[in-house]
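Structure first, commentary second.
The values are calculated or read from the model by the stated rules, or taken from the named source; none is laboratory data. Bear in mind that the values here come from a model prediction, so they are computed numbers and not experimental data. Using ideal geometry, Cβ is built from the backbone for each residue, glycine included, and neighbour counts are taken over all protein chains shown. Heads up: the accessible areas ignore ligands, DNA and RNA and are worked out on the full protein's heavy atoms, side chains in. Shrake-Rupley method; radii C 1.70, N 1.55, O 1.52, S 1.80 Å.
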Amino acid sequence: EAKSAGRSQIRYFNNEMRKKLKQQADIENDLQNGIKNGEFELYYQPIFTLARPRVVSFESLVRWHHPKNGLVTPDDFIPIAEQTGQIIELDLHLLELAAKQVAQWQSIGISDISLTVNVSSRHFASLEFVDQIANLYRAYDLHQGALSLEITESGLIENLNLATKVIHGLSPFGVKLYLDDFGTGYSALGYLHQLPIHILKIDKSFIQQLTDQDNPLVDAILSLAKSLDLEVVAEGIETAKQFQTLSGKACQYGQGFLISHPLQADQALAFLQSEQVKFTTKDISNKV
Ligand code: C2E
Ligand code: MG
Ligand code: MG
Ligand code: MG
């Protein structure tokens, strides 16, 4: 009895394993074709100042128009691309899409908007990345600060010296470094002051806890940022209450569904052209 139950469990486990491996192999294969066939599209989510809600930049977030599976969100393929190493090629492809977008906006007179692009920390293990970014700035005649980068901290700390050189190599282009998902997972606080980053993004899990109570962790992160002379973006602002609570604190920027979901390029442009009028602090407080 027990033995056969064990066997069937092993068989179940093996089937599940096989299915998972097959899925990963498919994605690996499909990613390659997807880049070649232009199946990836960037969506853009506004990042705004909290003091007086104004859009200052957009975060680019990738979506995959998969020929069989429809619209696929990044959590379903970025981790796999990280494992297979394809993230390098994918990120470079998406950086080029972002560069093209900024160039297109520049060409119609929108010259002060910047995009932040999520990239793997793997790029910071080689100075080649500096040349790749420099080439984009040249090829698309981008204004200083047109592109900035979002990274998570774990990969940077593994090779702090080299990462520091890469980040310094990028600074002539006005590329700012955002530390994404701050406060989640493994935070090596001891290294934070050594990282040449500019902006912290407080992870949305902390912002979502800002309901009727304050979240002492948010205050702690804000005071840490202040003492390290870093600016802060609060991610995942969904309610007017969260917005208001944050506005009273030393948090410069916000992002979240309350103001806007990630938008396709044409919608992002329309948002940019209309929002500066629409969002006043008063509108927000009326919603509470
Ligand atoms: P992230 O960089 O931390 O991006 C924030 C995620 O939160 C996005 O999910 C965004 O759509 C979502 N979000 C924004 N506002 C709200 C809100 O108010 N409430 C909630 N619940 N969620 C909100 P998305 O687009 O699914 O991206 C997931 C992750 O995939 C990103 O996390 C980033 O780590 C990665 N990613 C996205 N695009 C790229 C890319 O082009 N390259 C790379 N390497 N990674 C990417
Ligand atoms: Mg991000
Ligand atoms: Mg994040
Ligand atoms: Mg993330």
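Worth pointing out:
- Alpha-carbon centroid distance for the pair region 211-225 / region 136-156, whole angstrom: 29
- Thr152 contributes about 60 Å² of solvent-accessible surface, heavy atoms of the protein only, 1.4 Å probe.
- The DSSP beta bridges internal to the chain are antiparallel in roughly 45% of cases.
- Solvent-accessible area of Lys204 with every protein chain in place, 1.4 Å probe, in Å² to the nearest 10: 110
- Within the accessible area of region 201-267, the carbon and sulfur atoms contribute 49%, probe 1.4 Å, all protein chains present.
- Nitroxide proxy distance, nm - points 7 Å out along Cα→Cβ at Leu71 and Ala188: 3.8
- Radius of gyration and maximum dimension Dmax of the chain, Cα, Å: 20.9, 75
- In the structure shown, the pairs Lys68/Lys201; Lys176/Lys204; Lys36/Lys176; Lys68/Lys100 are assessed against 32 Å; a Cα-Cα span above that value is assigned to Lys68/Lys201.
- In the chain, helices alone account for a calculated mean residue ellipticity at 222 nm of -15000 deg cm²/dmol, with every DSSP H run of four or more residues adding -39,500 (n - 2.57).
- Surface exposure of the chain, expressed per residue as accessible area with a 1.4 Å probe, stands at 51 Å².
- Residue with peak Gaussian network fluctuation, the chain [Cα springs, cutoff 10 Å], from Tyr178, Tyr140, Tyr43: Tyr140
- Across region 1-80, the fraction of Cα-Cα pairs farther apart than 17 Å, rounded to a whole number, is 63%.
- Within the full protein context, the accessible area of Asp141 is estimated at about 120 Å² for a probe radius of 1.4 Å.
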